[in-house]
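The structure appears right after this line, and notes come after that.
Values quoted throughout were computed directly from the atomic coordinates according to the rules given, and no laboratory measurement underlies them. All values derive from a computational prediction rather than experimental measurement. Here the Cβ positions follow ideal geometry from the backbone for every residue, glycine too, while neighbour counts run over all protein chains shown.
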Amino acid sequence: MLFLEFNFIPKLHLESIFQSSFLKMPNRKVVKFFFDVISPYSYFGFEGITRHRSVWKTPIQMKPFYFAGVVKHSENPGLPLRVPIKEKYMHKDLLFSAQYWGIPFRLPKDYTNMMLNTSSIVPQRILVASQLRDNALMEDVARALWHRFYAYGKPIFTKSQVAEVLRDLHVKNSEELLMMSDSAEVKNILRENTDEAIGNGCFGAPWMHITDNHGKVLQTVFGSDRLPQVADFLAEPFKGPMREKKQNA
Ligand SMILES: N[C@@H](CCC(=O)N[C@@H](CS)C(=O)NCC(=O)O)C(=O)O
């Protein structure tokens, strides 16, 4: 009898713990945000989502990927800059959107040509190398690259151009970071991030996956302008541009 009682009490206790903590635990989602510094809409999405980090409980994973790889794989012929009437609209829309997000922005000289004919492989690999050191460093570098390009019209696509950004940010051992960006590890991560997006139907940037806490993709999302829907899906607040959070002025 004593044995039975002894057995019974801990069982009940365990059940109640299980019910209160595991069964009622919210099924926490995760947002993966795929971006490339060649993509100006990635800049807006990057600002929007990182500003919302302060008001969301949902974890956000930042994923530098290679936009040219996405475009090639998806055989996307619809890049707005390739269609003159969309190009004209996009130039205006970029300024309009930058104003909304409170981002200093003007179109660098020869913008369309540069966007269509320049590779972002160097800065993207440097972002991956920075992220291996520290995600906050990666975000600072990404923001500084975009700021240099859109606020000052200075290019950001070669090693020496990125090195200047690292120097301005006073990044420690920046030479090591530049060397690391050529490593197989970094190249593989960039490829894996790109393949992960492509494997889920990606054709453009920015791109997001909303996953469950086991990594299963519940929703894929294209565009910086989809953050209100993302917030709604996560049952999180959408607070607009949160311009008070802007870091580059
Ligand atoms: N409406 C989207 C536009 C995003 C966009 O046009 N991204 C470009 C790269 S910067 C792209 O991936 N375009 C591919 C396409 O439109 O098919 C937004 O506001 O973010």
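What FRET efficiency comes out for GLU75 versus LEU95 if R0 is 41 angstrom and r is the Cβ-Cβ distance? Round to the nearest 0.05. Write out the running numbers ahead of the final one.
Numbers: r = 30 Å, r/R0 = 0.73.
With a Förster radius of 41 Å, E is 0.85.
May I have the count of lysine pairs in the stretch 29-234 with C-alpha atoms under 18 Å apart, counting pairs 8 or more residues apart or located on different chains?
14
Using only the alpha-carbon atoms, what does the stretch 47-109 span along each of its principal axes? Please give whole angstrom values in decreasing order.
Extents along the principal axes, in whole Å: 41, 31, 18.
Between ALA235 and ASN117, what is the spin-label point distance in nm, taking each point 7 Å from the Cα along the Cα→C-beta axis?
My value for the distance between the label points is 5.2 nm.
Roughly how tilted is helix 159-168, in degrees to the nearest 10 and between 0 and 90, from the longest Cα axis of the chain?
That helix lies at roughly 70 degrees to the long axis.
Okay, helix-only estimate at 222 nm for the chain: each DSSP H run of n ≥ 4 adds -39500 (n - 2.57), divide by all residues, round to 500 deg cm²/dmol; what do you get? Walk me through the numbers before you get to the answer.
Numbers: 11 runs with 133 residues, N = 249.
Theoretical 222 nm ellipticity from helices: -16500 deg cm²/dmol.
Sort all Cα-Cα distances of the stretch 109-202 into consecutive 10 angstrom bins from zero, then give the percent of pairs in each bin up to the one containing the longest distance.
16, 47, 31, 6
To the nearest 10 degrees, how steeply does helix 184-198 sit against the main Cα axis of the chain, on a 0 to 90 scale?
80
Nearest 20 debye, what's the magnitude of the dipole of the chain about its Cα centre given +1 on Lys and Arg Cβ and -1 on Asp and Glu Cβ? Intermediate values should be presented prior to the final figure.
Working: 32 positive and 25 negative charges, 120 e Å.
Computed charge dipole of the chain: roughly 580 debye.
Which order do peptides 43-53, 101-111, 147-157, 58-68 fall in by mean Cβ count within 10 Å, highest first? Present the calculation step by step, with values, prior to reporting the outcome.
On the way: 43-53: 22.6, 101-111: 16.0, 147-157: 17.6, 58-68: 20.4.
Packing order, densest peptide first, comes out as 43-53, 58-68, 147-157, 101-111.
Would you mind giving the average projected area, over all directions, of the Cα convex hull of the chain in nm² with one decimal? Working shown, then result.
Details: hull surface 68.4 nm².
Computed as one quarter of the Cα hull surface, the answer is 17.1 nm².
Would you mind checking the tilt of helix 2-17 against the longest principal axis of the Cα atoms of the chain, expressed as 0 to 90 degrees and rounded to 10?
Orientation of helix 2-17: about 20 degrees from the principal axis.
Using every alpha carbon pair in the stretch 145-249, what percent of pairs falls into each 10 Å bin from 0 up to the bin containing the largest distance?
11, 27, 34, 27, 1
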